[in-house]
Structure formats: structure tokens, C-alpha cells
There are 4 protein chains.
Amino acid sequence: MGEQKRIGILTSGGDCAGLNAVIRAVVCRAVGTYDWKVLGIRQATQGLMSDPPQFIPLDLDKVDNLLTAGGTVLGTTNKGDPFAFPMSDGTVRDRSEDIIAGYHQLGLDAIIGIGGDGSLAILRKLAQQGNLNLVAIPKTIDNDLGSTEHSIGFDTAVNIATEALDRLHFTAASHSRVMILEVMGRDAGHIAISAGIAGGADVILIPEIPYQIANVCQKIYDRQSQGKNYSLIVVSEAVRTEEGEPVMSTNRLGQCRLGGIGQYLSDKICACSNAETRVTVLGHIQRGGTPSPLDRLTASAFGVAAVDLIAEGKYDRMVSWQNRQVVDVPIAEAIAQYRAVDLNGTLVKTARGLGICLGD
Amino acid sequence: MGEQKRIGILTSGGDCAGLNAVIRAVVCRAVGTYDWKVLGIRQATQGLMSDPPQFIPLDLDKVDNLLTAGGTVLGTTNKGDPFAFPMSDGTVRDRSEDIIAGYHQLGLDAIIGIGGDGSLAILRKLAQQGNLNLVAIPKTIDNDLGSTEHSIGFDTAVNIATEALDRLHFTAASHSRVMILEVMGRDAGHIAISAGIAGGADVILIPEIPYQIANVCQKIYDRQSQGKNYSLIVVSEAVRTEEGEPVMSTNRLGQCRLGGIGQYLSDKICACSNAETRVTVLGHIQRGGTPSPLDRLTASAFGVAAVDLIAEGKYDRMVSWQNRQVVDVPIAEAIAQYRAVDLNGTLVKTARGLGICLGD
Amino acid sequence: MGEQKRIGILTSGGDCAGLNAVIRAVVCRAVGTYDWKVLGIRQATQGLMSDPPQFIPLDLDKVDNLLTAGGTVLGTTNKGDPFAFPMSDGTVRDRSEDIIAGYHQLGLDAIIGIGGDGSLAILRKLAQQGNLNLVAIPKTIDNDLGSTEHSIGFDTAVNIATEALDRLHFTAASHSRVMILEVMGRDAGHIAISAGIAGGADVILIPEIPYQIANVCQKIYDRQSQGKNYSLIVVSEAVRTEEGEPVMSTNRLGQCRLGGIGQYLSDKICACSNAETRVTVLGHIQRGGTPSPLDRLTASAFGVAAVDLIAEGKYDRMVSWQNRQVVDVPIAEAIAQYRAVDLNGTLVKTARGLGICLGD
Amino acid sequence: MGEQKRIGILTSGGDCAGLNAVIRAVVCRAVGTYDWKVLGIRQATQGLMSDPPQFIPLDLDKVDNLLTAGGTVLGTTNKGDPFAFPMSDGTVRDRSEDIIAGYHQLGLDAIIGIGGDGSLAILRKLAQQGNLNLVAIPKTIDNDLGSTEHSIGFDTAVNIATEALDRLHFTAASHSRVMILEVMGRDAGHIAISAGIAGGADVILIPEIPYQIANVCQKIYDRQSQGKNYSLIVVSEAVRTEEGEPVMSTNRLGQCRLGGIGQYLSDKICACSNAETRVTVLGHIQRGGTPSPLDRLTASAFGVAAVDLIAEGKYDRMVSWQNRQVVDVPIAEAIAQYRAVDLNGTLVKTARGLGICLGD
């Protein structure tokens, strides 16, 4: 089994379903198989930044119930870029060396970082600056990370958005309404197009495809002329106005004064049609809750594989799901390939093939 | 079996889960047992108001898949009080005689009206004016109708709100946030307090109990001082500002410019605490979707019992759930007894007993 | 708040969803409000029988995640009647005094016993013999306990059985099959009739109603003649053969050599019809899993109310759900009133009204 | 759009979740985009065998609610190989020419066959013999078909089995029991290993890996010595006895007299350990019910792509899911590559990495 290692694990960026399942898998493999020590770093890089570093020693008992638990027991924050960290006194400081110092202070042989593209880019920069042994695990409900077919949290988020559409379908039909569902996804439309197809949406608007309100209204009319007096619209949070102006997101900031893109669409559709509209902003329920079986499976496979990479001394790699197998790729490659919805890919073709209006 | 009757059925007011299950039960009993004719009136009283009246003939085949279907195949509207009906030319007219005429034009022996307190009051007024044989079935996600332990749609709505809390719990804990969930319920707090208890909320605000923001913030502090850096707040849509001013509802109008009570609370809590907050407005997904088994059971029992009342010639009655049995009560009694959350009842006692902050 | 008490809590008999939610509510109330000590007795009365007694000290932290957790963290057993306890040496002994001694050894002021009719009868006998201060909370998926509209665990079990019927419906229709679902319920048909109505069964067989296979086959034929080449049958585990002979239960014993009543029916139906049949024995998944919101709410209300009874010094009482309120009744009354399915009650009427075959 | 075609679609073999979603997608594309005629062939090849052929004309209205409906509205049967078809008079006949005649009698330009490996092999043989234009869509809950990452129905089946494990986990822990869950999967262990990992099983037995009871008991002991008095075992229906003898399956035949492999294991474990065991045979609920969002998405993508293959005149091809895209492969290739669980693949590695006992 080689020498006993001491590894850290942290969860960074927005939470999602499946993070705890990763933590469990890492501990099962590292402690159960290799008899290593695992330190759960609290609050992402902030746990390392603190003096003394904040962590939870993780053993098999501590992770016993984590497979089905949503979120992350380690906590996570979006408090800011450690290279330009907003201090409580209002100044901005480079805290990278503090983090690197924390890693060494804990005597870590390696660290597993679970994050999306932003977090992984920062972790990699820290690793290179401080010669830290980093292995990465992709997670993001947005599924916008390249080099892997899916990231942890995406399947669960799609399931939740689809279930919401299933519910809205009935109330839309009963009241002859146009129902607009605003979903998360940051700059990519993966949740919107996946849930939209799976949930039987009539219109799907994603940031990757510019749209015209007139096309949306035409679709509503076409359905009305077929005796279907209701329509379901899914819109991704980052979709802009028809003219390309950004709309303040309801979800992310929690500061919706003007309404998000869902409300914008509602107003526009009211103006150009005789339809009664209602908006639902799905919000943070997309992030939370028990992970789907697929997210649990992926999380378990990623966790085991990440520990094995450390056992083999392969660092600066990200585990990735490709063609039913976990493989590993350079972190640099994964974060270099931002993945938008492929305009020539299967999902867009399928949506068009089903007669779903994509706004263009 | 007596002579063959010809009965109508209509669904009135906001839709909810279980309406189709009632329609199915009515047809199973009226057609299957008594061999009557059942006419499904379209779009509530508007179907009777039209000339000719709009209806769907209902037989056993047509209702075969309705047990699990959300919403209502008959459609429903909230287009206005038929005694003061907003016409397309901008005028307001009393359309009550048109509705009564529609009932007679269809040759109905009786009509089953499914609705909440508002709808049932209107239906009863029409029945009295026109000598219509009316039997009522209570439905409302708000559960504010008196004389029955629960109305159709309430259990499903509570389930959905509880599931949302289950999800928010994990993301709140992961990010050390205060999560605010705004739920429906019109002027009553039944959904909020039921889902709040079932979903483990830390604070529940309902219209029946005036609150102070300071008490809410104190609860958040208390939890922080116990090491719990997150809190879940459920708020009913009709809760007012601390000073008792109404806040425009996000859900009902679909015209949220200023944000609803959820957003108001978020702003206030941000101001009086160091907590990061997020708001989720659950909206119309509470109305829709497959009904819960309890709603299906209640709907089935109500539908059968309503037909039996007609068979017995007992009109002006509402079926009601009391102590594990369906009984019937005068409609007048049910609509006279608006039911708010009982401040001395089990739910409020339970919430306080669990240490949940009710704001007072 | 009066003097600080020291109370025990135990879960007895078969497990079900909602037990942990009761434990949480008891601790929230007893510790959070009254500042008492709560001892969780392990493995039902066996924890008291042991020397020293086996228990877990329960505080607010320990119950933090118990609202949604299935089963019971205290454990439970069906190892036998303490008044005639099967010893490991093969003898049978009266262990009642050991249990009473355990209660006193722990210095308990009162004990909350969560159980069904069998367990509560034993607990009451112990309480009377040893002058123990007992408060009871009803739980049983079978819902056969009198004096309360429902017991903890029943709603969840009905939900699971209904969901199974929803699934079987589709596969039955696709393959033109008769699907038989055997559900739990011990000697009562509450789960079967509730889930059967909610899940759209065509035939429901319960122990309370003797049946004839010919009637079941007739129903299958009638449906076939209406073009419905499939049927769903729900049968309660304790249903006997047509001649009234008991069939060894598949569920309870785990020793099914001959097949349970589901298999018996399948053979009989094959013999008297041309239908292809399949049997599903739902088994222990009915007991487990996250409790339904209604079970969580009931569990929470019962837990708080039980502690309040102790605070008031009201012993030998069982908390009970009646007409939307928790009340308390003598334990003696509850266990004296075994509740079978009421043959003149709403559920039987509803089933017949929907055209469901009850076998008679 | 080219000339108007007339195509058939049939569902063959065991039903599963997602078949109706495929039918809907085919009609949306073929009728909605290309304005073709679509004939839904009833009861798989039996619909073509009949004289006249049995079919349902499918238009957009008919498929409106099929996205979320389980099973197949076309029906399916396993009545036998058409090349050696069991006749009602007890003889066996080659009915292949009848089927081919039915295809021509209906004037079909092409046919879409949805099936697993067995069905697709038969359909291909028919197509080659009769010069039929065949496009295939892979479906099987067993996921044993080569050349595609997943087939329709698999994800839903894994979800249901995982949910069952989630439930059994709680009741196992409460009663200190060993719970055995027997799942489907025919000769492959895909459902068992996927659900086993996702549902936190302690032991997973699949047909691909010979096992020893002693290893299973050792795992139970090891857990007991760590204070975990319960264990979860998942076993695939085709697992044999320790000595390699087949055990009559409970699921498939519906004729379980001796009990299936679940019961066999239960007896063996009882004999070699002090554990109390219970068996649940999940059965047909794995096939039925609303498809998961992933199955709906895959079904939609496959349906659209299959129609496009016909539009391009590409026959004898199967649509396939590979690396987030739908591609097409020769049917011959897909059915030649039976896929067992890969002993060196990610799932087996993950299971071992988590410390799950695979019996060897």
C-alpha cells in the first residue's frame, strides 16, 4: 500500500448535490483501502487561509451517512478570489501564500479540490505557485466544464427542473396560461435545454441562441390554433433581452429589484399576445437535496479515482467521465475548454426535431 | 337505481392537484353505478354562460387516466364574478341569468361544483337564484374552507413545499445562508405552518401572527451561537410588512415589480444581521402535478359521495372530511366559516414546542 | 418550568417511517423548552432489561438530522414478550421486573413509549406492575390502533404502495397482464384499501371481506370485454385462501417457501382465466425511507404533546389525532379498540362506488 | 422535404419506461417536420402477423401526453419467436412471411423497431429476409446491448432500485437486519452494480463475478465488529448458487415455488451467520412508471434521430448514445456485442474502492 499519506479535500464554489457523496468515496478509498489520513478543509480555500487552518478529520464513521446527503459538510463560500481577496477593512489583498502556508502547516501530501471551472482555475494557480499536489474533481450544476461528459450535480439539477415542468404543465393547461420557468445554468443553457426536452417545454431559450420575441409569440399562437391554449417556456438565467442587454439575475444575487429574465419575457409576451402568463424562478432548490442515483454513482467513481491518482503520484489531473468510464485529463485542458451548448449537437437537433421553438 | 339523471360537473377557481381525480370518481359512480349522463362544463361557469353552453360529455373511457393527472381537463378560470362580469367592451354586466339559462338549456337535473370558498359562494348564489340543484366539493390548496378537515389539493401543496425545504436545507447549510421560502396560501398560513413543521423550518411567518423582524434576527443569532450558521424561513404569501402594510404578491399576480414578501424579508434580515440571504418563491409548482395519494383518496371519496347526495336528492350540501369519514354539511355553513390557522391549535403549539420562531 | 425531569423514550415493535421525527420532537420539547434530560433507551424494552440499561443520552445536537431520517436511531426488536421472554438457553422467563428495575436504575421520572397495539399493551402492563409513569405514542403502518385517526408510519406506507401501483399500471397495460401487489397491513386491510383506491386498483382484497376467486375473475373478464386487457389487484398480506385457510406470509417471516397470498391468487387466477399474471411482494420497503410530510407533522405534534402530558403529570395516556387536533386518550381505551377496516365506512363505500371489486 | 413516407413503429420485448417517449418523438419528427404518416403497430410483430395487420394511426394529438407515460401504448408481447411461433393448436410454425406480408400490406416505406438484443436480432432477420427498411432503437432495463452507452429504460430502473435501497437502509439499521434486494437485469449485473453503488449497498452480487457465501458472511461480520449491526445486499436475478447452479427466477416467470436467488442467499446467510435476514424481490415495479428525465431525453433524441435516418435512406442501423451524442451503428454490430459488466471497468473498480464486497 505504500507509505501512509495525509491528504486534504475541499469543496469550492457553489454547492450542489453529490459533494458529500464525493467526500464519502474519498474517505472510503483513502482510509478504508490505503489507511491514509484525510483532512476535510472547511469553507474551501478559506479553511487553509485561516491560522490555524480549519479542518475536520474525516474517518469512515464520519462519512457513513453522506452518500444521500445534499450539499457539503465541509461548507463552501464564494467570498472571493484569494489572489485579490476582499478584506474586512475594505482593502483587497493577495492571500495565496496564506493558503499555501496552510497546506504545508497541515503537512499535506496532496489535496483533492472539488469545483467548477472558476474554482479549479484558482486551485491550479495556487498549486503551481506553491508546488501543491492537486487532483481535481469536476462539479457544477451548469455542466459547462470541458473534458467530461458530465459534472457532479448536473443530473440532479436537471431532474428538479424537469419535475417543476411536469407540475407546471398541468396548471398551465387547466388555466390556459403561458408558464415561464427560469432555471439556473450560469452562462450556459445545459440545464434549460435538457430539462426543457425532458419536461416537454414548447419554447426553450438559452444564452447560446439569440432569439426574437416574435418567434416565441408565433409558437404560442400556433399552439392556440391547434387548440392548445397553453405553453411552457423554459429560460436560462443568463439569457439576455431581445436586444442583447443583460438582465439582472434573480437567482444568483438574491437582489432582484427589476425581475430576472423570466419576468422580462413575461412582460414581452403579454405585450405581443393575448396570453396570460406566470413566472416561476426555480432558484436554489436546483442545487440542493438528495443527489440523483447517477450523481451518486459519478461522485463515488470520481472520489475513488481521485484517490487512486494520488496513490500513483499523478497530479495536476482532473478525473473525468467519458464513454462510461472514469479517465483523467490535465486540469489545464478541462478549464481551457469552456463548454457551451453545442449548436450542432444532439440536444439542439432533438429540440428542433420535436418542434420546440428555440427562439430563432 | 331510479330514473336516469343528467348531471353537470364544473371546476371553479384556481386549479390544484386532485380535480381530475374528483371528475373521474363522479363519472365512475354516476355512469358506472347509476347509468346517468355526466356533462363536464368547460371553464367553470363560463361554460354555462356561453351560448350554446360549452361542455364535454364524460363517459368511463374519458376518465380512465384522470386519477393521477394534475389540474382539470375541464379547465377553469378566474375571469371574474358572474354577477359583475367584466365584458370585453369594458363594461360590467350581471351574467347570472345566462348561467342559469345554460343549466336549463343542458337539461341538467343537478350540478356538482368543485371550488373554494369564493367559488362556492357564487355557485350557491346562482343555485338559489335559479333553483339549481347544487352539490359542492371543497378544493383549495389554501385549506381555508371551514367544516372539513381538509380540502382537495392541500396535501399535495404541502408535500411540494416540504420537498423544497428539504432541498434548501442542504444548500443553506453548505453556504451558511438564510434561505427564505415564500409559499402560497392566500390569506391563511396553513401551507406555511404545515410545510414549515414538516420541513424543519427555523422560522415560520403566517398572516395570522404579527411578527417583528427583531425576533426573526434573534432566532438567526441564537442558531449561530449554537454553531448553526444557517436558517430556513418559510413565509406565507399574504404576510404583510412588519408595520402591517400589504406587499404585492409575487405568485398570484405574476406582476412582481417590487418583489413579494420573501424579498421584503430578505432585505430586512440583511439589514439587521450579518447573514447572507436567498429567496425562493415557490409559485405555481405548488398547484400542479400528480396528486398525492391522500388527495387522490379524498378526491375519490368526495366524488362518490357527491353523486350519492344527488341520488338521495340532498342538495345545497357540501361533502366534507371529518374524522376519517365523508359527511355532508350545508354549503352555507362551510362558506360562512373561513378557517384561519388556529392560534391555540395543534400546529401552532407544535411549532412553538419545537422551538420554531413564529415571529412574535 | 418546574423541576428538571429525567425521561426515557423507546421505540417498540416493527419500525416505520416517522419514529426518528418523534424522537426529535420529544427532545426539542423536553430539552429545548423544559431543560429536562432525555435518555434514548436502546432496542425497545431490551435496553431496560440489560444490566446496566442500554441508552443514548439525547440532546438537541443528536437529533438535528432526525426529522427526515427513516427508522429509529434507538433500534427496535421483536425478540419477544418480556413477560415470557425466550432466553438464549432455550427457557422462557418473565423479565418484567428486570425492565422495571432498569427504569428505576436510570432514575427516570417518566417514559415515552412509541409502539403499536401489541407493544403498548405490554408497556402498559409493565407500567402498572412497576408504577412507571408512561405516556404512549401510536405508530404502526397497519393503522389498526383505535382512538386515533392515524398512527405514525401509515401515510408513508400508503404512499409507497400507491407509487408501486402507479408503476405496475403501465407495465400491466403494456403487456396485457394481471398484476398482483401484495402489501403489508397485518390483520387489517388499511394499507391495501387506501393504496388500492389511490393507485387505481381494479380489485382490492382485504382480510375483513371474504372473497370468491370467481368474482375476481369476473372483474378481469368484464374489463377485457371493455377492451382493457389488464387489471391491477392489491391484496393484503393476511388475506386467507378462498376457503379461509391462512397462507404463510412472505413479508413477515422472510421464510416464504410456498409463496404468500399474492402467489396463491396468481395461481388461482391463472387457473380460472386466460390472463397472464405477475406478483410483486412489496415487503419491507413499505416500512422504510424518509417519512411523508404528513407523518413528519404528526410525529412532531405527537412528540411535543407527549412531553407536555408528562409536564402536566398526566400518565397512562396516549396522544391521538382526532379532527385536526392532538388530544389524549387512555392507553387502555386505544388498545382495547382494535380497528379493522369499517365495512360501512367511507373507504369501502368509495371503493364500491368506483366499481372496484372487493371480492364479495 | 422529399416525398411523403409511410412508416411503422413497433415496441418489442419486455416493456420499460421511455417507450412512449420514443413513440412521441418519432411522431413529432415524422409528422411534425416531414408530414409523413406513422402507423403504430400493435403488440410488436404480432400486429404485422395478424390479417389484417393491427395498428393505430398516430398523429400529433395522439402522442400529446406520451412523454411522461410509462410503458407503451402500442403494447408488446413475448409470445415467441416468429420463426418458430407457438400456435394455439400446439404446433410451431414459421410466421416470418406473415409478418413481411403485413409490412407490405400496410404499404410501409420503413419501420422503426424498438427492442433489446433478442428483439432486434429477430427484427433484423425479418428485415433481411423480406427486404424491409429497418431502423432500430435500443431499449432494455438490463443495459446489456453493445455499441451504446445506455439503452432506454435503464436509468429509470436504476433509480427505482436505488430508491428501494434507500428505504431498506433505514429499516435494516433499525432492526439490525441483513436486507437482501433482488433486482432485475437478466444475465447482466448492470442494474445491481449501479444501484448498489448509488444506494450504498455493502454487498453486490452479479452474474459476472462468482462468489462465495463465506465472503459475504465475512463482510457482515466485519461490519458487526465495527458496530454496524446491519447490512444491505443487492443481488441480480441471474446470479446462481455458490456452486453455479441456476436458481429459478422469481421475477420473470411469476412461478416462484422455490424462491429466487434472494431467498437462496437468505437461507445461506442465516446458516452461516447469526444475522436476521429479509428478502425483497423488487420485480416489475422496475419496468414501470414515469421515465426519468434522462430516459425521456434519450428517448426523445433516439426517436428524432431514427426518423432522420429514414429520411436519409440509411437502413439496417441502430441509433446509439456515445459521448453525449446520438450516432448510428450497424444493427449487426450492436447485437453481436453483448455487454456484460466490465470486470476491469469503472463500476467494478468503484465498488471495490468503496469497500463493497463483490463476493469474490
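Where a number appears in this text, it was derived from the coordinates with a stated rule and is not lab data. Not measured: the values here are computed from a predicted model. As a convention, Cβ positions derive from the backbone with ideal geometry for all residues, glycine included, and neighbour counts pool all protein chains shown.
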Extend 7 Å from the Cα of residue B:342 along its Cα-to-C-beta direction; within the stretch C:143-157, residues with backbone N under 19 Å of that point are C:147-151
Pseudo-spin-label distance residue A:325 to residue D:105, built 7 Å along Cα→Cβ, given in nm, is 4.9 nm
Which residues qualify? For residue B:152, with a placed amide H closer than 5 Å and at least 5 residues away or on another chain, they are B:139, B:140
Connecting every pair of Cα atoms under 10 Å apart in chain B and solving the GNM, the largest mean-square fluctuation among B:284, B:104, B:175 falls on B:175
With one decimal in nm and the nearest listed first, the spacings from residue C:78 to its own position in the other copies, using label points 7 Å along Cα-to-Cβ, are 3.2, 5.0, 5.1
Most exposed to least, judged by fewest other Cβ atoms within 10 Å, C:147, A:151 sort to C:147, A:151
Under 12 Å by backbone N from the virtual spin label 7 Å along Cα-to-Cβ at residue D:332, the residues of the stretch D:125-153 are D:125, D:128
Karplus-derived 3J(HN,Hα) from phi for the stretch D:316-326 (6.51 cos²θ - 1.76 cosθ + 1.60, θ = phi - 60°), whole Hz, x at Gly and Pro, runs 6, 10, 10, 6, 8, 9, 9, 6, 6, 9, 8
The value for the protein assembly as shown (convex hull of the alpha-carbon atoms, volume per residue, Å³) is 177 Å³
For chain D, the longest principal axis of the Cα atoms and the Cα long axis of helix D:213-225 enclose an angle in degrees, to the nearest 10, of 60 degrees
Taking only the alpha-carbon positions of the stretch A:137-248 as identical scatterers, the Debye log10 I(q)/I(0) at q = 0.13, 0.16, 0.22, 0.23 Å⁻¹ comes out as -0.50, -0.73, -1.18, -1.24
For chain B, percent of DSSP beta bridges that are antiparallel (nearest 5) comes out at 25 percent
Summing -39500 (n - 2.57) over every DSSP H run of at least 4 in chain A, dividing by its residue total and rounding to the nearest 500, the 222 nm mean residue ellipticity is -11000 deg cm²/dmol
Chain B, Gaussian network, Cα under 10 Å: of B:291, B:246, B:138, the residue fluctuating most is B:246
Residues A:81, A:155 in order from fewest to most other beta-carbon atoms within 10 Å are A:81, A:155
Given unit charges at Cβ for Lys, Arg (+) and Asp, Glu (-), the dipole magnitude of chain A about its Cα centre in debye, nearest 20, is 480 debye
The correct pair for the stretch A:73-189, radius of gyration to one decimal and Dmax as a whole number, both in Å and from Cα atoms, is 19.8, 63
Given the candidates C:280, C:236, C:247, the one whose Cα lies deepest towards the positive end of the charge dipole of the stretch C:234-360, counting +1 at each Lys or Arg C-beta and -1 at each Asp or Glu C-beta, is C:280
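Taking every residue in D:67-73, how many Cβ atoms of other protein chains lie within 10 Å of its Cβ, on average?
6
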In the stretch C:164-245, the GluC sites (Glu not before Pro) that sit in a DSSP loop and have at most 11 other Cβ atoms within 10 Å of their own Cβ are C:243
Percent relative contact order for chain C, counting Cα pairs under 8 Å at least six residues apart, stands at 22 percent
Among C:49, C:31, C:67, the residue whose Cα sits farthest towards the positive end of the charge dipole of the stretch C:31-72, when +1 is placed on the Cβ of each Lys and Arg and -1 on the Cβ of each Asp and Glu, is C:49
Once normalised by the length of the stretch B:300-360, the mean sequence separation of its alpha carbon contacts under 8 Å that are 6 or more apart gives a contact order in percent of 19 percent
Of all C-alpha pairs within the stretch A:205-245, those more than 11 angstrom apart amount in percent to 67 percent
Sorting C:290, C:347, C:302 by the position of each Cα along the dipole of the stretch C:288-360 (Lys, Arg +1; Asp, Glu -1; all at Cβ), the one nearest the positive end of that ordering is C:347
Taking placed amide H atoms and a strict 5 Å upper bound, the residues 5 or more places from residue C:56 or on another chain that come that close are C:40, C:41, C:42
For the protein assembly as shown, the dipole about the Cα centre with charges only on Cβ (Lys and Arg +1, Asp and Glu -1), to the nearest 20 debye, works out at 0 debye
Chain B: spread of alpha-carbon positions along the three principal axes, whole Å, largest first, is 72, 47, 34
Cα-based Debye curve of the stretch C:8-158 sampled at q = 0.11, 0.14, 0.15, 0.17 Å⁻¹ gives log₁₀ I(q)/I(0) of -0.40, -0.65, -0.74, -0.95
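Out of every Cα pair in the stretch B:196-332, what percent are spaced more than 24 Å from each other?
51 percent
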Computed about the Cα centre, the charge dipole of the stretch B:105-181 from +1 Lys/Arg and -1 Asp/Glu charges at the Cβ has a magnitude in debye, to the nearest 20, of 200 debye
